[in-house]
Amino acid sequence: MGPVDTQTVRWLASPEGHAVLHDQPDYRESEAVSEVSRLRAAGLTAEQASAVLTQKRLQRRAQEKFGEFAEGMLFTPDGLEQASRLEVAASHAGRYAAASLATVHDLGCGIGSDAMAMSALGVTVQAVDADPLTAALADINLRPWPDSRARTGTAEDFEPPLDPLHARAGVWLDPARRTPGVSDRSGRTRRVFRLDEISPSWDFVLSVARDVPATGAKLSPSLPHDIPPLGTEAQWTSWQGTVLECAVWWGPLVKETGRSARVLRKGHAPVEVDQRTCDEDPPSAASLADIGPWLYEADRAVTRAGLIGTVTSATSGHELEAGLGYVTSEAELDLGHARRFAVLEAMPFSVKGLRSWLRERGITGLTIKKRGIRLDEDQLRKQLKIGRGAGNGESGTIVLTRVAGAQTVLVVAPAE
């Protein structure tokens, strides 16, 4: 099943193609060959049959990102991987809707996930993407909102409204952070991590923000803290503990200037923290004697945003060591931006000592968490003579980290 072309995309969007795709059963790899034969016998070309199965396969994968909306969307593999997931796109769209903008220019729209979320909140989107196929897919995905459209074009061709405030216009940029035509070892388009390698350039993003006050840009979660200009908000967002992006917001889209973190978890309300409730110089533990009964593991968006001080402030706690994201405290609190563990034991790290401790307590299954210590987990398990499964004995969780520069192991139990 090869890549789809624009002609086949137009056919997929036609009443005939839409009906075939809608009636096609869920994709199963074992039935792909027979399904192609069946579709060919029904009168489809080889390209059309391949495209139908490709879309069913991608729609199934997309359900994790888009839920029930995936069934009505069209994708490319790279477009699906790079698209903002539904919960994150809704966060972006909420800022533009709250600013009462009438139109947003989506410069680099991909398959249109952000444009769809904005349109669903009543904002008209004029979207462009440099790739004709991707732009065509985005335009099809925007069909439920006839006023919103996507077309082929580059961000650099954008001409700001003469009076964006009067026009109630905003801009959303998602600069490409991948190298077209260059794949990594897994076959995916190679990522770029340097700010000067994104397209359009960071200088172009800044120029748009000067012309259009209501501007937002999606950037890498590795964005240095000193890059966003004064007066902006840089927000790091995570989903299920994985940091997905850092978005920089200007003008009326700013909720609170400075750095912020947004933590998204399935089944939980979003949690946001910012510098207002952050210890600017969080206290650190001086030794093992400072380890309290509770350990808090900050969400990685909080750590990337440099907001571990929101955890120390809330818990009156101490960092185990600066930058590692672990806080020890006497306080027992439920925080939406940090996971809590009960500390059962704290001791200097040595393989021999840890092995004896585990053996004495009959622990044969082990979950290993580590930050600030480099080691091979599989090799450590061999040295501890312990496996990944629960075995026939008790299971345990250990945290390998540093306290005041010393390698330390904490035996913990999740509090939730």
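The values are calculated or read from the model by the stated rules, or taken from the named source; none is laboratory data. Since we're looking at a predicted model, the values are computed, not measured. All Cβ positions, glycine included, derive from the backbone under ideal geometry; neighbour counts span all protein chains shown. Keep in mind that these areas ignore ligands, DNA and RNA; they rest on the heavy atoms of the full protein, side chains included. Shrake-Rupley method; radii C 1.70, N 1.55, O 1.52, S 1.80 Å.
Rank by packing, highest mean first: peptides 276-283, 245-252, with packing defined as the count of other Cβ atoms within 10 Å averaged across residues.
245-252, 276-283
How much of the DSSP beta bridge set in the chain is antiparallel, as a percent to the nearest 5?
60 percent
At 25 °C and a viscosity of 0.890 mPa s, what translational diffusion coefficient does Stokes-Einstein give for the chain, taking Rh as the Kirkwood radius over Cα pairs? Give it in µm²/s as a whole number.
102 µm²/s
As I understand it, the value is the acute angle between the Cα axis of helix 351-360 and the longest principal axis of the Cα atoms of the chain; what does it come to in degrees, rounded to 10?
Result, in degrees: 80.
Once amide H atoms are placed 1.01 Å from N in the peptide plane, what residues at a sequence separation of 5 or more from residue 220, or on another chain, have their amide H within under 5 Å of its amide H?
So residue 220 has HN proximity to 246.
Counting only protein chains, not ligands or nucleic acids, how are 118, 347 ordered by accessible area (probe 1.4 Å), most first?
347, 118
Suppose only helical runs count, i.e. DSSP H with n ≥ 4. What mean residue ellipticity at 222 nm does that imply for the chain under -39500 (n - 2.57) per run, divided by all residues and rounded to the nearest 500 deg cm²/dmol?
-9000 deg cm²/dmol
Find the centroid of the Cα atoms in the stretch 86-121 and in the stretch 324-354, then give the distance between the two in whole Å.
So the separation of the two Cα centres works out to 39 Å.
Taking 0.36 nm per residue of separation and subtracting the Cα-Cα distance, what length does fully extending residue 350 through residue 377 add?
Computed gain between residue 350 and residue 377 is 8.3 nm.
Sort 166, 105, 18, 92 from largest to smallest accessible area, using a 1.4 Å probe on the heavy atoms of the protein chains.
My answer, sorted largest first, is 166, 18, 105, 92.
Alpha carbons only, please: Rg and Dmax for the stretch 62-132, in angstrom.
Taking only Cα atoms of the stretch 62-132, I get Rg and Dmax of 11.8, 34 Å.
What does the extension gain come out to for residue 331 and residue 316, with contour length at 0.36 nm per residue minus their alpha carbon separation?
Using 0.36 nm per residue and subtracting the Cα-Cα distance, I get 4.7 nm.
Once both labels are modelled 7 Å past Cα along the beta-carbon direction, what's the residue 14-residue 255 spacing in nm?
4.6 nm
Among the listed pairs 218/255; 65/382; 56/369; 65/255; 266/369; 255/370, which have their C-alpha atoms separated by more than 28 angstrom in this model?
Long pairs (Cα-Cα over 28 Å): 65/382; 56/369; 255/370.
Report the FRET efficiency, 1/(1 + (r/R0)^6), for residue 226 and residue 277, where r is their Cβ-Cβ distance and R0 is 22 Å, rounded to 0.05.
0.50
Compute the helix-to-body angle for 202-211: its Cα long axis versus the longest principal axis of the chain, expressed 0 to 90° and rounded to tens.
Rounded to the nearest ten degrees, it is 70.
Determine the shape class of the stretch 323-374: with a ≥ b ≥ c the square roots of the Cα gyration tensor eigenvalues, call it rounded for a/c under 1.5, and otherwise prolate if a/b is greater than b/c, oblate otherwise.
Prolate.
How far is it, in nm, from the label point at residue 166 to the one at residue 413 when both lie 7 Å from their Cα along the line to the Cβ?
Label at residue 166, label at residue 413, 6.8 nm between them.
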